[in-house]
Amino acid sequence: MRIDYLYYNGLPTFEVPDGNLIGVYQPPCPEAAADPAAMIRQAIENPIGSASVRELARDAKRILIITDDYTRKTPVKDILSILIPELGTGKDITILIALGTHRFMTDQEMQSKFGGLIGRFRIVNHEWRNEDALADFGTTDEGTPIRVNKAVLEADLVIGVGQIVPHRIAGFSGGGKIIQPGICGRETTAETHWRSAMFPGSEILGIPDNPVRLEIERVAERAGLRFIVNAVCNTDGGLIGVFAGHPVAAHRAGAKLAKQVYGINIPEPADILVIDSYPMDIELWQGAKALYAGELAVKNGGVAILISPCPEGVSRTHHLILEEGYRHSWETIELVESGRIKDKIVAAHLVRVGRVIRDNGIGILVSQGISQADTGKLGFRYASTPQQALDMAFEIKGKDASVLVIRQGGTALPILGGNA
């Protein structure tokens, strides 16, 4: 069977022998809402587990709206055009971009995300490295230090706007994740990310009530998050559902729909997995999300082929990834415990990827944005095309090896045991 990627210009097709192919899977793409504005309005006016945002804002003079960034397809300007009028007149509104540990948004990305809101409201990027921009909220009962953008202290009402997709660290994105890691400092994010690395993907990805998500929600509650508006979009970015209200209750309702939208039923794990990272493909820090999904779809001792263009390389903000590379997970854990690696945010990423391409098998990377030399330093084997990568994988696993192809793996949620 010939496999193509219409969303990646210039990426050559490749051929999988029919006798080896388990199947080609990708998240379904339900038809987007015919009237997105009506869907957004309906959700905001009928919140889940919360008073209306109009009521919450009645006595609030200063309102902080926290939105996700360039790594998500959330229709932020459409949501805010309906949400902001609900807050009433005469309000002091600030929009804070929840970068987590990502780079600042570019002017072009800001225009695409916020459109006509630019100039009407104060819109700022979260500065996660700037200690002066953070406030200390103590620790959770689990011991996580809580360092959050001090803008939450200046607000009478804090609202989060984001998107719900499967997520290896939190089970699903959205909800309280707009606070942690969205607008937190390094210490807080390090603890939750490191905690997530101690669990296999099968215990986190696609499971909303997991230990890491619950800790994230403790941080969000302490920071004062009162109301969320979360979108569920199809793989083209079209709006499928909107969930507004209490940060936990509304999020859980949205996660149920997100599992339907992004879940793919696969009959069995494969000897060879070919997975691309669309739409999480601007850099390997994002592209690795496909490998997190791939952990659920490749056999132990198998080969995982990651296809990701990575036009910004490995990571603009986390250079330690390339310096350290992806070792066996236990090696990275030992380096953290010994104090050699101090950045637990990066270390957690190294552990999660290391589990897939070192502990459990071999990784082959096809990326126009990462050189052959850097690919080797990272711990992957290098291939210039998907076909070359597949031929290499057959040499490793044998001509009878089974092959599974997952498209749009950046948001896919493999579910074992489904019908082919």
A 1.4 Å probe over the protein heavy atoms gives the stretch 171-300 a carbon and sulfur accessible-area percentage of 49 percent
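How big is the dipole moment of the stretch 119-237 about its Cα centre under a simple scheme where the beta carbon of each Lys and Arg is +1, that of each Asp and Glu is -1, and everything else is neutral? Debye, nearest 20, please.
Rounded to the nearest 20 debye, it is 300 debye.
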Take the solvent-accessible surface of the protein heavy atoms, probe 1.4 Å, and return the percent of it on the stretch 106-151 that carbon and sulfur atoms account for. 41 percent
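For the stretch 331-420, what is the convex hull (Cα atoms) projected area averaged across all directions, in square nanometres? Show your work: numbers first, answer last.
Values: hull surface 31.8 nm².
So the Cα hull casts an average projection of 8.0 nm².
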When the convex hull of the C-alpha atoms of the stretch 249-384 is computed, what volume per residue in Å³ does it have? 125 Å³
In nm, to one decimal, how far is the modelled label at residue 118 from the one at residue 104, with both set 7 Å along Cα→Cβ? 1.3 nm
So if R0 is 56 Å, what FRET efficiency would residue 18 and residue 198 give, r being the distance between their Cβ atoms, rounded to the nearest 0.05? 0.85
Rounding to the nearest 10 and keeping the result within 0 to 90°, find how far the Cα-based axis of helix 186-197 lies from the longest principal axis of the chain. 40 degrees
Based on alpha-carbon centroids, what's the gap between the stretch 350-377 and the stretch 107-160 in Å, whole number please? 33 Å
Only helices counted: for the chain, with every DSSP H run of 4 or more residues adding -39500 (n - 2.57) and the sum spread over all residues, [θ] at 222 nm is -8500 deg cm²/dmol
If you split all Cα-Cα distances of the stretch 99-214 into 5 Å bins from zero, what percentages do you get per bin, shortest first? 2, 11, 18, 21, 21, 14, 8, 4, 1
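Could you calculate the contour length gain from residue 249 to residue 342, that is, 0.36 nm times the residue separation minus the distance between their Cα atoms, to one decimal place in nm?
Working: separation 93, 0.36 × 93 = 33.48 nm, distance 3.56 nm.
Gain in length upon complete extension: 29.9 nm.
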When the accessible area of the stretch 303-420 is split by element with a 1.4 Å probe, what percent falls to carbon and sulfur? 46 percent
Eigenvalues of the alpha-carbon gyration tensor of the stretch 358-398, times 5 and square-rooted, give semi-axes in Å, largest first, of 17, 14, 6
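Suppose every Lys and Arg Cβ carries +1 and every Asp and Glu Cβ carries -1, with no other charges. What dipole size does the chain come out with about its Cα centre, to the nearest 20 debye?
Working: 43 positive and 49 negative charges, 105 e Å.
So the dipole magnitude of the chain works out to roughly 500 debye.
Taking only protein heavy atoms into account and a 1.4 Å probe, give the accessible area per residue of the stretch 197-355 in Å². Present the calculation step by step, with values, prior to reporting the outcome.
Numbers: 5040 Å² over 159 residues.
Computed with neighbouring chains in place, this is 32 Å² per residue.
Which entries in the list 73/256; 73/177; 299/342; 91/177 go over 23 Å, if you measure between the two C-alpha atoms of each? Walk me through the numbers on the way to the answer.
On the way: 73/256 19 Å; 73/177 16 Å; 299/342 32 Å; 91/177 25 Å.
From the list (73/256; 73/177; 299/342; 91/177), the Cα-Cα distance tops 23 Å for 299/342; 91/177.
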The answer for the stretch 32-150, accessible area per residue at 1.4 Å probe in Å², is 49 Å²
What FRET efficiency do you get for residue 86 and residue 368 if R0 is 60 Å and r is their Cβ-Cβ distance, rounded to the nearest 0.05? 0.85
Direction-averaged shadow area of the convex hull around the Cα atoms of the chain, nm²? 19.3 nm²
Could you compute how fast the stretch 28-78 diffuses translationally, taking Rh as the Kirkwood radius over C-alpha pairs and applying Stokes-Einstein at 4 °C with viscosity 1.567 mPa s? Give it in µm² per second. 95 µm²/s
Viscosity 1.567 mPa s, temperature 4 °C: what is the translational diffusion coefficient of the stretch 168-300 from Stokes-Einstein with a Kirkwood Rh over Cα pairs, rounded to a whole number of µm²/s? 82 µm²/s
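The values are calculated or read from the model by the stated rules, or taken from the named source; none is laboratory data. None of the values given here were measured: they were computed from a predicted structure. Reconstructed Cβ throughout: ideal geometry from the backbone, glycine too, with neighbour counts over all protein chains shown. Only protein heavy atoms, including side chains, enter the accessible area calculation; ligands, DNA and RNA are left aside. Shrake-Rupley method; radii C 1.70, N 1.55, O 1.52, S 1.80 Å.
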